[in-house]
Structures are given as C-alpha cells and as structure tokens.
Amino acid sequence: MRLPPVFIRVLALLAATAPLAFADVQLPKILGDNMVLQRARPVPIWGTAAAGDAITVKFAGQEKHATPDANGRWQIALDPLTANATAQELTVTATNAAKPESNGEVKLKNILVGEVWFCGGQSNMEYSVNAPSSSAPAAVPTDPKLKDEIAAETYPQIRLFRVTKQTAQKFLVTDGWTDCAGDALNKFSAIGFFFARNLQRELGVPVGIVGSYWGGSRLEQWVPDEAFKKQPAFAKEAAAAGRLTIDGRPAGDYFASMIRDLAPFTVRGMLWYQGESNIIASNDGIRYADKMQALVEYWRGLWNDQNLPFYQIQIAPFLYTTRKDMLADKVTPLPHGPDELPKLWEAQFLATRLPNVEIVPTTDLDNHFSNIHPAGKREVGQRLTNLALTKVYGKTTPAWQGPLFSSVEVKASNLIVHFTNTGGKLSTRDQQPPTLFEIAGADGTFHPATATIAGNTVVLHSDDVKEPTAARLGWSETAQPNLINKDGLPAYPFRTNGPDWKPAR
C-alpha cells in the first residue's frame with residue numbers, strides 16, 4: 001500500500017525531531033550515528049531514562065555509569081579520547097531489576113574521534129556550498145570552478161550536523177550527523193565546509209562541524225532572556241514586566257529550537273558570522289558589543305567552558321544607506337547613516353576584548369557593495385583556519401588578520417599612527433599611498449589626510465587641520481583600505497576618538 005504524501009511528511013518530521021530512543025532510554029539528537037566526538041577533552045554523554053534505571057555507557061574501552069535523577073535525566077563524561085579515524089560503536093544500556101521490561105540498549109554506530117567546531121549566525125554563514133535558498137545564496141553558482149574543486153575529493157573524515165530552521169517545535173529538528181557528501185554537503189554552510197576541509201587537511205584527524213544559522217536573524221534571537229539579564233547594559237530591559245525585549249525584538253526566538261539542545265556536546269570552538277540585521281533593524285553601533293558579551297558568556301556557560309574560542313567574521317561592506325527600513329513598530333522609518341556599518345565593525349572588534357574572542361577581516365573580499373552576500377567564502381574559511389591553527393593548535397601559519405591600530409601621537413601638525421600585526425612591514429595592495437585615512441581637530445570635523453608609511457607607522461597630514469587630535473581609517477560603509485601587512489591582509493577600520501568599551505564584569 002502506498003502511503004499518502006502528507007503521511008510521509010509527518011513521519012519524516014517525527015524522525016527528525018524525536019530523540020534516539022529504545023525502551024526508556026532516550027538520547028538527544030546531537031548524539032547519533034556518524035558523529036565525531038571531540039578528542040583530548042572530557043566528552044559528556046547524556047539523556048533520559050526511567051527512574052531506578054542503571055545506565056552504562058561504553059565507548060573506546062571506557063565504561064561509565066550513571067543513575068537518572070528525579071526527572072529522569074542522567075549524564076556521564078567520557079575521559080579525554082585519542083583521535084581515531086576508524087569507525088567505533090558507542091552503547092548506552094539501561095537495566096532495572098524492578099522493571100525488567102524497561103531494560104534497553106541504544107547503539108550508536110560509525111563514530112569517529114577528532115575535532116568538532118560549531119558555526120552559526122545569519123545568511124552569510126547560511127550561504128551554502130551549492131543549494132541557494134530564499135534567505136541565502138550558494139558558493140558554487142557564484143564560482144563554478146568550485147564545483148570541480150569540491151567534486152575532485154571525497155571527505156570520509158568530515159561529518160556534518162545541520163540544524164533545521166524552525167521555531168514551531170521548542171526542541172532541535174535535524175537530519176542528524178551525515179557524511180560530507182551529496183545533498184548534505186550542498187546544503188551545508190560554505191564557510192563551515194571550507195573550514196572543516198582545511199582543518200582536516202592540516203591536522204590529519206576527523207573533523208565534525210555543527211551548523212545552526214538563519215538568514216536575517218539578529219544576535220538577540222540566539223540567546224534567552226537570562227543572558228541579557230546578567231548584563232548591566234540591559235538593566236532597563238530586564239526591569240520591564242513580561243518577556244524581555246531587546247530593541248523591539250523578543251530575546252531568544254531561536255534559542256530553544258536551534259541552540260539549547262546542542263549543549264553540552266563538546267566542541268573545540270565557535271565560528272560566528274552575523275551582524276547585518278543588527279544594523280538593518282536597530283543601528284546597534286557599540287550596543288552590539290554588549291550583545292556579543294551576552295551571547296559569548298551565556299553560550300560558554302551552557303557548554304561549561306569559560307575559555308571556549310569564539311571567532312567572528314567581520315561583516316562586509318554594503319550600501320545600508322540605500323535601504324528603506326523600519327523600526328519594530330513597522331511605522332517609524334529607520335534611516336542608516338554612512339557610519340552605521342563602521343560603528344558595527346568597531347563593536348565587533350571591541351568584542352575581542354573578551355577573552356579568547358577574535359575576528360577575521362573581509363573588507364578586501366567584496367567589490368559589489370549592493371550585494372549583502374559577498375562571495376569569497378573559501379577565503380573566509382581559510383582565514384578562520386589560520387586563526388584556529390595559530391590560537392588553538394599552536395601551529396605556525398600564514399596570518400589571519402591585517403594591521404591593527406595600536407596608538408597615535410601628535411608631532412607638530414601631523415599624527416603618527418602606530419600599528420601592530422604588521423609582520424614587520426606595512427605596504428599597500430596597489431603600491432599607492434595609503435587611502436581612506438582622515439584626521440580631525442578639536443572641532444571633531446574629519447578631513448581627508450595624506451598618508452605616508454614609515455616602518456610600522458603611518459604619518460598623517462591635512463592642510464585643513466592645523467592641530468590634529470583624532471584619526472580614523474575606513475570610516476564608511478564602502479571602505480576598502482589599501483593598507484596591508486606583510487601577508488597581504490587589510491588593516492581593520494578604526495577611529496581614535498571612539499567609545500572606550502570594556503566588558504562588563
């Protein structure tokens with residue numbers, strides 16, 4: 001008998017949403033066949049079972065035991081594991097002498113051990129390998145050479161876990177862990193894939209990549225009320241009655257359905273590409289740094305790792321000034337000034353004052369300022385790989401970041417801007433004098449400045465500013481500074497008279 005299509009769809013939804021279960025033993029969806037477990041760290045395995053059950057977990061020669069609490073929840077932690085590209089089996093057994101009918105065993109097959117990373121954010125992270133959608137394009141259609149490049153290899157040591165975009169169910173919906181091939185690969189984040197591919201090549205161990213992203217999402221949608229209530233910057237919102245609202249948007253829209261049930265699955269670090277919607281919907285500016293602190297600290301608590309690496313991608317140049325946006329009331333216009341994007345860049349960078357938070361640049365990867373989804377995802381993936389290899393794995397790699405503003409000094413009518421991360425040499429991409437520098441005097445009005453490289457500094461001068469007090473670089477939404485370091489990476493936009501943001505403690 002042939003089942004009606006609607007019935008088939010219902011069965012598919014149930015399979016995607018139901019935890020793995022046998023008898024009274026249930027495991028979360030993030031624990032399943034084909035997964036990669038993190039090496040060299042304790043690995044939690046958790047689930048639910050009937051009261052009175054004795055839980056035994058066996059994997060890689062280890063045997064751990066647990067007893068469910070009053071709510072049926074149980075958790076063990078595997079001792080740190082050694083990387084292993086040979087498929088193994090994990091078993092969870094529940095036994096109950098008083099209720100032998102509830103005895104059961106769950107077997108998870110084809111498990112590898114290596115490195116596990118998470119990637120999240122909005123459409124530029126959702127931007128897939130080869131499955132364009134209404135909310136995000138895909139890499140292969142924008143660069144047809146990628147199709148042959150990707151197809152030229154197989155990826156047996158890479159596993160993918162993609163969370164389904166949905167809020168109807170307040171729990172995780174997913175197809176589970178899959179091989180890095182076919183439809184699963186095509187639909188996965190291009191940046192996540194390139195990062196995983198690069199990392200696997202460099203480290204020679206299995207890599208698992210977990211993806212949870214949604215085009216058009218704002219940062220505050222990815223963390224619940226309590227994350228913001230812990231931050232002094234949101235004291236006013238926290239004092240209001242009812243569900244916490246941040247800049248017109250209820251907090252945590254996507255948290256329960258797309259993040260919560262992933263923890264505490266051990267990951268090595270987080271990749272985060274998001275921020276465009278926090279200009280489009282609210283012109284966040286420096287407030288974005290406060291939101292980043294709420295996100296980073298809450299997720300680190302959720303994963304029980306206060307030093308979990310959190311690596312951002314700078315959002316790309318784009319003509320926000322051409323948009324006709326509204327506030328949350330859908331009545332009040334929200335115009336975007338030409339400095340709204342630089343102010344968010346500034347907030348992204350200031351968030352790196354949080355421990356183990358970094359950012360990779362992108363201003364050199366996009367020449368189409370009317371396209372909010374620039375290509376160059378392979379390059380972004382490579383910069384993230386270089387960052388992780390350097391900071392997490394202690395390897396010597398090509399640079400992942402360009403020159404960074406360090407300090408400024410006044411010398412007569414000039415400003416001397418000092419940079420770090422130059423690789424010993426500042427230069428320009430086009431062999432022309434440095435562009436997009438401006439200086440201002442006491443009146444705060446900025447004027448274009450001539451710029452001259454002198455070692456690890458740039459000397460700035462303007463005939464219109466006799467007594468300069470401030471400098472800035474790349475302070476526009478289409479900024480592509482030509483100043484680069486020895487490795488050819490662009491200087492990060494800055495201003496010397498901006499807010500002195502520090503993480504709240």
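Does region 320-340 contain at least one residue that is of a type in the set (A, V, I, L, M), surrounded by fewer than 23 Cβ atoms within 10 Å (Cβ to Cβ), within 23 Å of Glu379 (Cβ to Cβ) and out of contact with any His (no Cβ under 8 Å at 6 or more places or on another chain)? No, there is no match, as no residue in region 320-340 is of a type in the set (A, V, I, L, M), surrounded by fewer than 23 Cβ atoms within 10 Å (Cβ to Cβ), within 23 Å of Glu379 (Cβ to Cβ) and out of contact with any His (no Cβ under 8 Å at 6 or more places or on another chain). Based on what the data block shows, is Gln306 open to solvent by less than 20 Å² (accessible area, probe 1.4 Å) and either among the charged types (D, E, K, R) or touching a helix residue (DSSP H, G or I) at 6+ places or on another chain (Cβ under 7 Å) (or both)? No: the conditions fail for Gln306. Look through Leu219, Leu203 and report the one residue that is open to solvent by less than 50 Å² (accessible area, probe 1.4 Å) and either of a type outside the set (A, V, I, L, M) or under 21 Å from Ser128 (Cα atoms) (or both). Going through Leu219, Leu203 in turn, the sole match is Leu219. Filtered by the rule that a residue be surrounded by fewer than 14 Cβ atoms within 10 Å (Cβ to Cβ) and either in contact (Cβ under 8 Å) with a residue 12 or more places away in the chain or within 21 Å of Leu308 (Cβ to Cβ) (or both), region 394-409 gives Gly394, Lys395. Exactly one residue out of Glu63, Glu105, Glu115 is assigned to a strand (DSSP E or B) and in contact with a Leu (Cβ under 8 Å, 6 or more places away or on another chain): that is Glu115. In this entry, Ala83 passes the filter for residues that are of a type in the set (A, V, I, L, M) and surrounded by fewer than 21 Cβ atoms within 10 Å (Cβ to Cβ). For region 351-365, the set of residues classified as surrounded by fewer than 19 Cβ atoms within 10 Å (Cβ to Cβ) and in contact (Cβ under 8 Å) with a residue 60 or more places away in the chain consists of Arg353, Leu354, listed by residue number. Listed by position, the strands (runs of 3 or more DSSP E) inside region 338-451 whose residues that are closer than 14 Å to Leu483 by Cα and out of contact with any helix residue (DSSP H, G or I) (no Cβ under 8 Å at 6 or more places or on another chain) number at least 1 are 404-411, 414-420, 437-440.
Filtering region 43-71 to residues that are more than 30 Å from Pro156 (Cβ to Cβ), under 34 Å from the mean Cα position of the chain (by Cα) and buried (at least 16 other Cβ atoms within 10 Å of the Cβ) leaves Thr48, Ala49, Ala66, Pro68.
Tell me, please, whether a residue that is closer than 16 Å to Gly104 by Cβ, modelled with pLDDT of 95 or more, of a type in the set (Gly, Ala, Ser) and not in a loop (DSSP other than H, G, I, E, B) can be found in region 15-34. No, region 15-34 contains no residue that is closer than 16 Å to Gly104 by Cβ, modelled with pLDDT of 95 or more, of a type in the set (Gly, Ala, Ser) and not in a loop (DSSP other than H, G, I, E, B). The number of residues in region 223-236 that are without any contact (Cβ under 8 Å) to a residue 40 or more places away in the chain and closer than 19 Å to Val296 by Cα comes to 3.
The values are calculated or read from the model by the stated rules, or taken from the named source; none is laboratory data. What you are looking at is a predicted structure, and each value in this text was computed from that prediction instead of being measured. Every residue, glycine as well, gets a Cβ built from its backbone with ideal geometry; the counts of neighbours run over all protein chains shown. SASA here: full protein model, heavy atoms, side chains in, ligands and nucleic acids out. Shrake-Rupley method; radii C 1.70, N 1.55, O 1.52, S 1.80 Å.
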